[in-house]
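Here's the structure, in structure tokens; my notes come after.
Throughout, read-outs are computed from the coordinates displayed, never taken from laboratory work. Note that the structure is a prediction, hence the values are computed from the model and not measured. FYI the Cβ positions are ideal-geometry reconstructions off the backbone, even for glycines, and counts take in every protein chain you see.
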Amino acid sequence: MSLITHILACLFGMGSWVAINGMWVELPLVVDEVPEKWFLPSYLTVLIQMANIGPFFVTLMHRFRPGVLDERPVIYCIVGLGIISTFLLAFFWKHTVMIADSFHSVPLLILSFLLSVVDCTSSVTFLPFMMTLRPQYLTTYFAGEGLSGLVPALVALVQGVGVVHCENATLSGNTSSGNSSSVGSGELIAKYQPAKFSVQVFFVFLSAMMVVSLVAFILLNHHPAVARERRSDQYLFEDLENKKREQSLSLHAQTPEQKPMLGTLEGAREEPRSSFGKGTYSNLETFSCLPYGNKAYHLAATMAAVANPVACFIAMFVPIRSLAFMCFLTVFGTGFGAYIMAMAALSPCPLMVQSASGTAVIVLAWILFVLTLSYVKVIIGVILRDEGHSALVWCGAVVQLGSMLGALSMFPLVSVYRLFKSGDVCNTRCPS
């Protein structure tokens, strides 16, 4: 295998969700400067789901006009759009427009929608493009996809996003400043530490990461070292159909444990996994972790982001395709997900909230939850690659469907009915 191809596949995968992941980790600094305040995450959730029009169009094209749509021009368009949108976001994110006698962050919302279209559409274009390379590089791509969440999170940690200190309200003077929130005279207030660099610099960094992804994609198409790792006939529909027919005939000569699992079965199991990962649990991270303290929250967020590429590297060297093992990992990871949801429901006073063991358990639960289900995701992608080009298209579409269902199911619970409650980091007191 070519090392440079592995590096390029990883850098290409980093561009898949880096824009939206970067937006989420930067929210603590953004919301203080926009009129929507902490309602902005709810707006972003709706915009991301509306952006599924991109993968919906691509999936319909593959369904009704198979073999017509080439992913490569689409990837050039969406990555270029991502570069332009993140760069413009750096200069216009604070601009507001008067609508119905109130100010709204229209440029921020429009650019966030465009970035959502870019990232959602990447699920149904980046994966099928990886069909042009050998199967080993698909795992490297998934590692890069995991890094699209880890790298912005690490940069945000260096920036100092969300670092809070508690001060006495009577000693802190004017408590109505932009970076503090008062909870009453004589009580503690939360004062957020100034960032080491601005939001504008962070968005320019995201734009630079998209440029790196575009350069990696260009080299994946034109570098001589990559050409030796690519099959030129992967995009020919007739050859794909012949390959699938040969695979289906070979199923009869294999033992049940050796048979590759069909795309429909794998897609059905990928849907709840993606629902848990992108849609449902992204809304619960603050509720489940913040009661244990800011350190617990940042540690869980960072280590969970690390667990994703780690799972990809494990899958690269230990690819276990056993159906029984995959089901076990799915149940095992879902068990930790149930614990996370239970702690979020008990917020602001979850179990063992005042003990170090409680902090360790919630951090470990997040790590194992992401680690196990990320491994399952990678193995499903590798198996579906053997099923053909269209299988990876449907895999990406089902991932987006799961994300949409998870987000739409959690949105009313969190934002409308407010079943999950957040405590005050400085003043919440829980019974022993």
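A few remarks follow.
- At an R0 of 35 angstrom, the distance between the Cβ atoms of LEU364 and ILE4 translates into a FRET efficiency of 0.45.
- Additional length obtainable on full extension of the chain from PHE197 to SER415, 0.36 nm per residue less Cα span: 75.4 nm
- 25 Å Cα-Cα threshold exceeded, pairs from LYS37/LYS377; LYS196/LYS295; LYS191/LYS295; LYS295/LYS421; LYS94/LYS295; LYS37/LYS191: LYS37/LYS377; LYS94/LYS295
- Here's how it looks for VAL164: its modeled amide H is under 5 Å from those of GLN193, which are all 5 or more places away or on a different chain.
- Stretched out straight at 0.36 nm per residue, the stretch from PHE64 to CYS327 would grow longer than its current Cα-Cα span by 91.4 nm.
- Here the stretch 308-415 yields Rg over Rh of 1.04, to two decimals, using C-alpha coordinates and the Kirkwood radius.
- The HN-Hα couplings worked out from phi for the stretch 214-223 by the Karplus form 6.51 cos²θ - 1.76 cosθ + 1.60 (θ = phi - 60°) are 5, 4, 4, 5, 4, 5, 5, 8, 10, 6 Hz, whole numbers, x standing for Gly and Pro.
- Stretching the chain fully between LEU408 and THR96 yields a gain of 109.6 nm (0.36 nm per residue, less the alpha carbon separation).
- Inter-label distance, nm, simple model (7 Å from Cα along the C-beta direction), ASP386/THR428: 4.6
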